[in-house]
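So the structure is just underneath, and the comments pick up after that.
The values are calculated or read from the model by the stated rules, or taken from the named source; none is laboratory data. Values in this document were obtained by computation on a predicted structure and should not be read as measured data. Every residue, glycine among them, receives a Cβ derived from its backbone with ideal geometry; neighbour counts consider all protein chains shown. For accessibility, only protein heavy atoms count, side chains too; no ligands or nucleic acids. Shrake-Rupley method; radii C 1.70, N 1.55, O 1.52, S 1.80 Å.
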Amino acid sequence: MSDLAPHPSTPPNLKARVKASYDAIAPAYNAWTTSHNVLRERYLARLLEHVQPPGTTPGSSSVDSTETNNPTKTALDLGCGAGVPSTAALLAAGLRVQANDLSTTQLALARARFADETRDGRVEWLEGDMMALEFAPASLDAVVALYSLVHLTREEQAAMVGRVAGWLRPGGVVLVNFGLEETEGVTVERWLGRDEGWMYWSAWGAEKSLGVVREAGLEVLVEEISPPLGDSEAEFLWVIARKV
């Protein structure tokens, strides 16, 4: 991509610029990324295979009395966008969902799409920087972060993985993808051909990203590289990991 440029230092207004871009290009991005949804759905299905069914403790088929009193599992969707397909898949699996995104526009689209689930409390929308989120330790059963951590600086990516590990219950699982090529930070001025489409990505690369996951106390269950999809040239490392 000829319009990508190295970005050795973090822009002071990085989060504001990413938010403004997604607010402006949300419909165009959602249409463009539809071709990626088959891959998202494939890994979401694999994640859900590892979510412990209600009433069981990790590694056991026995019923836990504390779980039977509150059998609903809770998932966090980091960078949920308009809620498709990740929030939709988590809701369809019977999970209660905390759905976060930086973009006001994307969350407005998500709220409209999932109006019934919003009213009955099955999904709560959390607008803002994911780094500002707070959850009780060991309170989540699953976390999903698809094409979202890549918009953080590398240092924030590592910190976010550590926080996710703290939020997960023992046996809880996370699905995340990382940029495959190591880069301190790259920007594109007109992503998707839009004047408002300034965007930023960073990545530790495959091996260092896996190291970040393991250092957080997570057991890697799946580590796979996906080929570029559609007109994208980017490859990603897909990881499913479990809290031990």
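Do you know which residues across the stretch 214-233 are touching a Lys or Arg at 6+ places or on another chain (Cβ under 8 Å) and closer than 21 Å to Pro137 by Cβ? Those that are touching a Lys or Arg at 6+ places or on another chain (Cβ under 8 Å) and closer than 21 Å to Pro137 by Cβ: Gly217, Leu218, Glu219. For Leu229, the conditions (1) open to solvent by 10 Å² or more (accessible area, probe 1.4 Å); (2) within 16 Å of the chain's Cα centre (by Cα); (3) closer than 22 Å to Ala26 by Cα all hold with the exception of (2). Could you tell me whether Thr118 is over 21 Å from Pro11 (Cβ atoms) and modelled with pLDDT under 95? Spelling it out, it is not the case that Thr118 is over 21 Å from Pro11 (Cβ atoms) and modelled with pLDDT under 95. The single residue among Ala136, Ala82, Ala112, Ala108 that is out of contact with any strand residue (DSSP E or B) (no Cβ under 8 Å at 6 or more places or on another chain), part of a loop (DSSP other than H, G, I, E, B), hydrophobic (A, V, I, L, M, F, W, C) and surrounded by fewer than 18 Cβ atoms within 10 Å (Cβ to Cβ) turns out to be Ala136.
Taking the criterion of being open to solvent by less than 50 Å² (accessible area, probe 1.4 Å) and more than 20 Å from Asn30 (Cβ to Cβ), the only residue of the stretch 118-127 that qualifies is Gly121. Scanning the stretch 194-203 for residues that are open to solvent by 30 Å² or more (accessible area, probe 1.4 Å) and over 20 Å from the mean Cα position of the chain (by Cα) yields Arg194, Asp195, Glu196.
Could you please find all residues in the stretch 153-188 being modelled with pLDDT of 95 or more and of a type in the set (D, E, K, R)? Residues satisfying the conditions are Arg154, Glu155, Glu156, Arg163, Arg169, Glu182. Note on the stretch 139-193: among residues that are over 16 Å from the mean Cα position of the chain (by Cα) and of a type in the set (D, E, K, R), the one that is least open to solvent (accessible area, probe 1.4 Å) is Arg169. The residues of the stretch 1-53 that are closer than 26 Å to Ala93 by Cα, modelled with pLDDT under 95 and not in a helix (DSSP H, G or I), listed by number, are Val51, Gln52, Pro53.
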